[in-house]
1. Within the chain, what is the number of lysine pairs with alpha carbons under 28 Å apart, leaving out pairs fewer than eight places apart on the same chain?
2. With θ set to phi - 60° and the Karplus curve 6.51 cos²θ - 1.76 cosθ + 1.60, what are the ³J(HN,Hα) couplings of segment 322-331 in order, to the nearest whole Hz, using x for Gly and Pro?
3. Restricting things to alpha carbons, find the Rg to Rh ratio for segment 212-342 using the Kirkwood radius for Rh.
4. Explain nothing, just the number: relative contact order of segment 1-159, from Cα pairs under 8 Å at least 6 residues apart, as a whole percent.
5. Do the sum for the chain: with -39,500 (n - 2.57) for every DSSP H run of n ≥ 4, divided by all residues, what is the mean residue ellipticity at 222 nm, to the nearest 500 deg cm²/dmol?
6. What relative contact order, as a whole-number percentage, does the chain give when Cα pairs under 8 Å and 6 or more residues apart are counted?
7. List every DSSP H helix in the chain whose Cα atoms extend 30 Å or more along the helix's own long axis and whose mean Kyte-Doolittle hydropathy is at least -1.0.
8. Report, in whole Å, the centroid distance computed from the Cα atoms of segment 1-25 and segment 171-237.
Amino acid sequence: TLVLGIESSCDETAAALVTDGRVILAQAIASQEAEHAPYGGVVPEIAARAHAERLAPLIARVLDEAGVTLADCDAVAATAGPGLIGGVMVGLVSAKALAMASDRPLFAINHLEGHALSPRLADASLAYPYALLLVSGGHCQILRVEGVGKYRRLATTIDDALGEAFDKTAKILGLGYPGGPAVEKLALEGNPKAVPLPRPLKGRPEPHFSFAGLKSAVLRAKESGQYSDADLAASFQQAALDCILDRTRRALAEMGEVTALVVAGGVAANRTVRAGLEGLAAEFALPFTAPPLPLCTDNAAMIAWAGVERLAACFPADPLDFQARPRWPLDPDAEPARGAGV
Ligand code: ATP
Ligand code: MG
Ligand code: FE
């Protein structure tokens, strides 16, 4: 089985070809960091235009690199949401055209499903059900991944996502956009205990997250002029990790049996976060899995892989009039966290 995957929900334009044998035959990512950097964040209109300009050549390139044609593909999978709607539409409309022209099934993939299943692309031994901490630029959730399309959400954030907290901290420290990797790097030179920062919701019975108060505390600490930027970065990262560990520990206790503790999404690339979660998994005598770094942040291989999983599980193709979705919860039955609009 061979699936062409397309990703365009935020600021990476990406295409990839992935087999059911977990081989990424070819992949290409065009990041728009340079375009958005002057604005300190992603500008939706600029993103949509950049996706439209770059996607077709990227798809041609991966087909060429892999030495295959569309006719060799068994399905076309594209992110259909959630995300910036202009960009999502560019990728989804392209996928529809390719699926129609080649008479192949279309899979309209939930971007979060791409993140959620990405660890299985890298690790053939990872079996359902597993406990997933999904930490990205727009989401912070704990899910029980029970199968393809079967996600039970136990926790979400009542305000900011974890990646968003990293990005806002980076902005406060003048590290620019995108901020996560820059905060991680600066934190290496700082003392994680130097700055007293809150651990929002720590100890609460429900395993939800909150990061807005932590970010505000970083801002106040920065404005006090008492601390170095490296100490601020290290202390922020430590406080965020403490929250994640406390909340995930709580969720694991009420999740039922799982095969592993897994982390995915852009923040899963953070080495301190990975190391902390590995320790937590050991507390529960669970194996720990995290995707290789390039599969953590947005990519098309994870979208193609979600298509491979859907084919393998005999999911029907999605209709060619499937509409792009700016919002699209992975678990529609999940109760929103109190105080959250999601
Ligand atoms: P979503 O998946 O929720 O729609 P997104 O696609 O924008 O959001 P991802 O690409 O999965 O998010 O992740 C990007 C986020 O990950 C950014 O907030 C970025 O700062 C953060 N991030 C990336 N690398 C690291 C790192 N090494 N340490 C901390 N955060 C990181
Ligand atoms: Mg990005
Ligand atoms: Fe993402």
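1. Taking the Cα cut-off of 28 Å, the pair count is 20.
2. 4, 8, 4, 10, x, 10, 6, x, 6, 10
3. On the way: Rg = 18.8 Å, Rh = 18.2 Å.
Ratio of gyration radius to Kirkwood radius: 1.03.
4. Values: 283 pairs, mean separation 30.9, N = 159.
After rounding, I find 19 percent.
5. Numbers: 11 runs with 143 residues, N = 342.
When only DSSP H runs of four or more count, the value is -13500 deg cm²/dmol.
6. Values: 771 pairs, mean separation 81.7, N = 342.
Across the chain, relative contact order equals 24 percent.
7. On the way: long enough: 44-66 (32 Å, 0.14); 229-253 (36 Å, 0.06).
Counting only whole DSSP H runs, the qualifying helices are 44-66, 229-253.
8. Centre-to-centre distance over Cα atoms comes out at 34 Å.
FYI, it's all coordinate maths here, none of it is from the lab. Source: prediction; values computed, not measured. Positions of Cβ are generated from backbone atoms using ideal geometry, with glycine treated the same way; all protein chains shown enter the neighbour counts.
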